[in-house]
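Colleague: Can you read through this structure? Questions will come right after.
The values are calculated or read from the model by the stated rules, or taken from the named source; none is laboratory data. All figures in this text were calculated on a predicted structure; none of them were measured in a lab. Note that we place each Cβ from the backbone using ideal geometry, even for glycine, and neighbour counts take in every protein chain shown.
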Amino acid sequence: MLLQTILVIILLLNLRKETKGKNGLQQWDKLIITAICISAALFVLHNVFLPVSGLLIMFSYGLTATVIYTVYTNTLFTSGKALINAFWPLFVLNFFEDVISIIDKPFYKSWRNYLEGAELLALVWMVAMLIINNKQKKALEKERKINEEKEKEYKITEQIKAQLEVQVKERTAEITQQKEELQKTLHELESTQSQLIHAEKMASLGELTAGIAHEIQNPLNFVNNFSEINGELLEEMKVAIEKQDYEEVKALINDIADNEKKINLHGKRADSIVKGMLQHSRTSTGQKELTDINALCDECMRLSYHGLRAKDKTFNAGFETKFDEQLSKINVLPQEIGRVILNLCNNAFYATNAKKKTAGSDYKPVVSITTVAAGNGVEIRVQDNGSGIPQQIIDKIFQPFFTTKPTGQGTGLGLSMSYDIITKAHNGTLQVTSQENIGTTFFISLPY
C-alpha cells in the first residue's frame, strides 16, 4: 500500500498542474487537493499512528480506482493517462499483494519473493515508460512551441499582409490619380503642340504669301507699264492713220508687237510664280515627285527674302545662289522640302538682320544657298554670316519648342519639324555648324 499511495499522490500532483489557475477548472482543482490530502492521511496512518486494517486498504484502493476512472473518462487529463500506463503494473501487484496478505498470510509468505521480483519488473517498466513519456512529452512540448512560433509568425505575416494590402490599395489609388493627372497634362500638351504647329505653319504661310506678292510684283509692273505704253502707241497710230502717214503706222505697229511680246513674257513669268508657289504652299499629298532642287531652292530663297522685306521695310541683305547645274532631279515631297529650305533661309536672314543691328557699318549681311552632288544624293547648304549659335545650346536647336528668339517671335518648332521632314520622311540628314559672331551653316543631305 505504501508504494501505491506514493504513486497516487504523484499522479494527483501531476493532474493538479493541468487544472491549477485555469478558468472553469477551479472545482476540479479543489477535488484534486482533497484527494491528495486523503492519500497523505492514509500514508501517515499507515506509517505512524495506526496499524492499517483491511478496510483501510480497500478504501485506499477505492480512491485509487476512482482517480484512474476519472482520468480515463475525462479529456482534461491527457498527461495522467500516460502516468497510469506507467504505474498500472505496480498498482495491480500491490493490490494482489495486499489482498493475499490479508486473506492468506502463509501463502503470501511463500510467494513473497516472486511478488517482489514481479514488483521489480513492474518498477523497471514504470521507469522505462516514464523515460519514454518524458521524451515524448519533451518532443510534444518542442513541437507545441514550434507550432506556437509558427502561429505567431502566421499572425504576424497576416498582419503584415493586411498592412501591405492597405498600402498597395493606397499606392494604387495614388498611381491611378497620378496617371489621370499625367494623361490630362499630356492631352493639354498635345493640344498646345497642335496649336503651336498650326501657328508655325500659318507663320510660314504668311511669309510665303508675302514673298509671292513681292516676287510677282515685278512682272506685273512690266505688264502694266507696257500695257499703258501700248495704249499711248495706239492713240498715236490713230493720228498717223488720219494723216495717212503709213510709215509711222508701220513703226508704231512694230513697237506695239514688241511690247506685246514683253507683256506675254512677263505674264507667263507671273503665272509660273503663282503656280509654283501654290504647289509648294498646299498641303502635302504624301506622294514623292521628281523635283528640280535648284529651282526649288532659288524660289524659296527669293520668297524668304521678299517675305521678310514685306514685313520689315528696313530689312536689307544680300543673297547668293551657287547651284550645281549638272544636278539630277530627285524624288522628294516638294512641299515639305520647300518648307524646310524656306525655314532655314528665314532663320539665316533673321540672324544676319540681328547682327546688323549691333555690328558696324562695314558689316555686309549675306545669305547663300548651295547645291552639290554628294555620293548617292544631293547636299544643300544654307549659309549666313550672322550672329551664330552659342556652342552650349547648339545640341538643343532641333528639340521641339526650343528657340533663341524673343517671346512671341518664334514657336521653337521650325527646326524640329524640319529635322523630322529630312530624317524621317526622306531618310536624309540635317546637320549644323556654327561659330558665334561669324556665322552658321546648315547641311541637308537627301538620298536619290
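Colleague: Quick check on residue 105: is it under 24 Å from residue 62 (Cα atoms) and charged (D, E, K, R)?
Modeller: yes
Colleague: Scan segment 390-415 and report the pairs whose first residue is of a type in the set (Phe, Trp, Tyr) and whose second residue is modelled with pLDDT under 70 and loosely packed, with under 13 Cβ neighbours inside 10 Å, with Cβ atoms within less than 9 Å and a gap of 6+ or a chain change.
Modeller: Listed pairs, sorted by first residue: none to list.
Colleague: Quick check on this structure: which one of 84, 160 is assigned to a helix (DSSP H, G or I) and loosely packed, with under 13 Cβ neighbours inside 10 Å?
Modeller: Within the list 84, 160, the selection yields 160.
Colleague: Taking only pairs six or more apart or across chains, which ones have beta-carbon atoms under 6 Å, a first residue in segment 203-229 that is more than 14 Å from residue 310 (Cα to Cα), and a second residue that is modelled with pLDDT of 60 or more and polar (S, T, N, Q)?
Modeller: 226/259; 229/259
Colleague: I'd like the full set of residues that are under 39 Å from the mean Cα position of the chain (by Cα) and more than 11 Å from residue 374 (Cβ to Cβ), limited to segment 429-440.
Modeller: Scanning segment 429-440 gives 430, 431, 432, 433, 434.
Colleague: Just the residues that are more than 12 Å from residue 353 (Cα to Cα) and either assigned to a helix (DSSP H, G or I) or not hydroxyl-bearing (Ser, Thr, Tyr) (or both), please, taken from segment 314-326.
Modeller: Across segment 314-326, the qualifying residues are 319, 320, 322, 323, 324, 325, 326.
The rows are residues; the columns are (1) modelled with pLDDT of 90 or more; (2) under 25 Å from residue 298 (Cα atoms); (3) surrounded by 20 or more Cβ atoms within 10 Å (Cβ to Cβ).
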| site | (1), (2), (3) |
| --- | --- |
| 378 | yes, yes, yes |
| 382 | yes, yes, yes |
| 385 | yes, yes, yes |
| 404 | no, no, no |
| 421 | no, yes, yes |
